[in-house]
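Colleague: Have a look at this one before I ask anything.
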Amino acid sequence: MFVVCGEALFDVFAAGDTATGLMMDARIGGSPFNVAVGLRRLGQPVAFLGGLSRGFLGERLLRALREEGVDERCLALLEAPTTLSLIGVDEAGVPSYSFYGAGCADRLLPLSALDRLPPETQAIQFGSYAMVVDPTASTQRALVEREHGRRVIAYDPNVRLNVEPDLARWRDTLDWMAARTHLLKVSDEDLALLYPGVAHAELAARWRAAGVAMVVITRGGEGATGYHAQGEVPVAPVRVAVVDTVGAGDTFQAGMLTALAERGALSPDGLRALPAEVWAEVLAFAARAAAITCGRRGADLPRRHEVA
């Protein structure tokens, strides 16, 4: 079983004027939420570990998890609001963002939630802003410290500067995680923010020296490259008529984890021993899954039968 840790929220889009104000279109979101849904749609057992509001927005998030078949044993239901990311577009079509998350449930994950980790858990996925906002960040770090020697730890920083604008905070978290992570996936966009001008291979070598078994750097329409003990594992892009790229990185992560599970490689030693040719298959599967999401509107992640 997988456990995905992090935030579940609503992306709220301005949907036009009314006589007295604005219409809003609120859509379920959050990178970790997407990864959990993606894993389930790809046929993997998965639990979501995070804080949800007891209010009506939290109830909608909980219903979505249930409808997808995501295990809810690790959820913490809290008397706190749900995070909202408001997105508007000006007359020139340029989007603007406002983020409302202070004091919200996804930032208040208690340590007691860790006691409900399913005993059958094989891998734990971390990522996005839940790793840099306290107290949730401290709770998740406690879980990493407790489990990284026993279960696969996967991490995708998924930098969101509208939540935490301090790049040093993101870099410090990545450095801390690199010493405790077995599978690190990071986008070239995030690297351009965190380490401008530094070669990808140099960064990958640094993280592998810290203990990461596999570093995967995704490059959007240019494909991806894995960095492993046996060298680089390049993955060509999958050509698709792009509708949008929302959820593509989350799909890649879910696809990569699924392909590893299907090959029985979900252990720290299993990841290190996996030969380069099998890693190529794993990353190609993830790229195909991500391409399907790019061909659809929004974070509509594929199901297993759709990924050939």
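Colleague: Taking the options 141, 150, 208, name whichever one is under 29 Å from residue 111 (Cα atoms), charged (D, E, K, R) and not in a loop (DSSP other than H, G, I, E, B).
Modeller: Working: 150 fails: not in a loop (DSSP other than H, G, I, E, B); 208 fails: under 29 Å from residue 111 (Cα atoms).
Just one listed residue meets the conditions, 141.
Colleague: Could I ask something else about it? So which residues in the range 289-308 are more than 19 Å from residue 260 (Cα to Cα) and either among the polar types (S, T, N, Q) or free of Cβ contacts under 8 Å to residues at least 40 places away in the same chain (or both)?
Modeller: 293
Colleague: Just the residues that are out of contact with any strand residue (DSSP E or B) (no Cβ under 6 Å at 6 or more places or on another chain) and in a loop (DSSP other than H, G, I, E, B), please, taken from the range 7-43.
Modeller: 7, 8, 18, 19, 20, 21, 42, 43, listed by residue number.
Colleague: Within the set of pairs 6+ apart or on separate chains, which have a first residue in the range 136-150 that is crowded, with 18+ Cβ neighbours inside 10 Å, a second that is among the charged types (D, E, K, R) and part of a helix (DSSP H, G or I), and C-beta atoms under 7 Å apart?
Modeller: Within 7 Å, the pairs are 136/106; 136/107.
Colleague: From 248, 224, grab the single residue that is of a type in the set (A, V, I, L, M, F, W, C) and touching a residue at least 60 places away in the same chain (Cβ under 8 Å).
Modeller: Result: 224 is the single residue among 248, 224 that is of a type in the set (A, V, I, L, M, F, W, C) and touching a residue at least 60 places away in the same chain (Cβ under 8 Å).
Colleague: What are the residue pairs meeting all of these: first residue in the range 158-174, first residue crowded, with 17+ Cβ neighbours inside 10 Å, second residue small (Gly, Ala, Ser) and part of a loop (DSSP other than H, G, I, E, B), Cβ atoms under 8 Å, and 6 or more apart or on different chains?
Modeller: 163/101
Colleague: Looking only at the range 118-138, which residues are of a type outside the set (Val, Ile, Thr), assigned to a helix (DSSP H, G or I) and at negative phi?
Modeller: 129, 130, 131, 137, 138
Colleague: When the range 153-172 is examined, which residues are found to be part of a helix (DSSP H, G or I) and either among the hydroxyl-bearing types (Ser, Thr, Tyr) or closer than 30 Å to residue 261 by Cβ (or both)? Outline the logic, then answer.
Modeller: Just the residues of the range 153-172 that are part of a helix (DSSP H, G or I), to begin with: 167-172.
170 - this is the single residue of the range 153-172 that is part of a helix (DSSP H, G or I) and either among the hydroxyl-bearing types (Ser, Thr, Tyr) or closer than 30 Å to residue 261 by Cβ (or both).
Colleague: Shifting gears a bit: Which one of these does residue 234 not meet: (1) surrounded by fewer than 14 Cβ atoms within 10 Å (Cβ to Cβ); (2) out of contact with any strand residue (DSSP E or B) (no Cβ under 6 Å at 6 or more places or on another chain); (3) not in a loop (DSSP other than H, G, I, E, B)?
Modeller: (2)
Colleague: Can you tell me which condition residue 239 does not meet? The list is (1) touching a residue at least 40 places away in the same chain (Cβ under 8 Å); (2) in contact with a helix residue (DSSP H, G or I) (Cβ under 6 Å, 6 or more places away or on another chain), and all the others hold.
Modeller: Single failed check for residue 239: (2).
Colleague: Output the number of the condition that residue 163 fails; it satisfies all remaining conditions of (1) out of contact with any helix residue (DSSP H, G or I) (no Cβ under 7 Å at 6 or more places or on another chain); (2) modelled with pLDDT under 95.
Modeller: Unmet for residue 163, out of (1) out of contact with any helix residue (DSSP H, G or I) (no Cβ under 7 Å at 6 or more places or on another chain); (2) modelled with pLDDT under 95: (1).
Colleague: With respect to the numbered conditions (1) in a strand (DSSP E or B); (2) out of contact with any Asp or Glu (no Cβ under 6 Å at 6 or more places or on another chain); (3) more than 25 Å from residue 137 (Cβ to Cβ), which one is the sole condition not fulfilled by residue 48?
Modeller: Only one criterion in (1) in a strand (DSSP E or B); (2) out of contact with any Asp or Glu (no Cβ under 6 Å at 6 or more places or on another chain); (3) more than 25 Å from residue 137 (Cβ to Cβ) is unmet by residue 48, namely (3).
The values are calculated or read from the model by the stated rules, or taken from the named source; none is laboratory data. Computed from a prediction, not measured in an experiment: that's the story for all the values here. Because the Cβ atoms are built from the backbone with ideal geometry, glycine has one as well, and the counts that use them run over all protein chains shown.
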